[in-house]
Amino acid sequence: NDTLQLVFSTTKGLAAAAVALYVQQGLLDYSALVTKYWPEYGQNGKENTTVADILSHRAGLPDDVSPMEQYLNWTAMIHTL
């Protein structure tokens, strides 16, 4: 019950469906800047990233974080983003 498991991309479909529901309900806008919803995100040249950029993998975020232990470190992941 306490085993940690990396799921990597398996949540992408669920996240996209959740975002689509939020857009349909008027709670989220694909063309809006991410900083509208997450102000702290707009650092280090990311201030012009849109929700659509995130969903289509055009945000320019790093695709690798090393060492592997960093994936389980919340603070390190937020810093990386």
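Find how much the distance from Y30 to M77 grows on full extension, using 0.36 nm per residue of separation minus their present alpha carbon separation; answer in nm with one decimal.
The Y30-M77 span can extend by a further 14.6 nm.
If you build a Gaussian network model of the chain, linking Cα atoms that sit under 10 Å apart, which residue out of L33, L55, L21 swings the most?
Of the options given, L21 has the highest mean-square fluctuation.
By how many degrees, 0 to 90 and rounded to 10, does the Cα axis of helix 12-24 deviate from the longest principal axis of the chain?
Around 20 degrees separate the two axes.
Between Q70 and N48, what FRET efficiency follows from the Cβ-Cβ distance if R0 is 22 Å, with the result rounded to 0.05?
0.25
Considering the dipole of the range 8-80 built from charges on the beta carbon (Lys and Arg +1, Asp and Glu -1) around the Cα centre, which of L14, N44, T75 is farthest to its positive end?
L14
How big is the chain by Rg and Dmax over its Cα atoms, in Å?
For the chain, the Cα radius of gyration and maximum Cα-Cα distance read 14.2, 41 Å.
With a cut-off of at most 15 other beta carbons within 10 Å, and DSSP calling the residue loop, which trypsin sites (Lys or Arg not before Pro) in the chain qualify? Please list them.
The qualifying sites are R58.
Taking the Cα centre of the chain as origin, work out the dipole magnitude from +1 charges on Lys and Arg Cβ and -1 charges on Asp and Glu Cβ, in debye rounded to 20.
240 debye
Compute a Gaussian network model of the chain, connecting alpha carbons closer than 10 Å, and tell me which residue from V51, V23, V34 fluctuates the most.
V23
Test of understanding: what is the full-extension gain from S56 to T3, defined as 0.36 nm times their sequence separation minus their Cα-Cα distance?
Roughly 16.0 nm would be gained on extension.
Residue by residue, what Karplus-based ³J(HN,Hα) values in Hz, rounded to whole numbers, does the range 71-81 have, using 6.51, -1.76 and 1.60 with θ = phi - 60° and x for Gly and Pro?
So the J values, rounded to whole Hz, are 4, 9, 9, 3, 4, 5, 5, 4, 4, 4, 5.
Read the figures in this text as sums done on the coordinates, not as results from a lab. Bear in mind the structure is a predicted one, so any value in this text is a computation, not a measurement. Note that we place each Cβ from the backbone using ideal geometry, even for glycine, and neighbour counts take in every protein chain shown.
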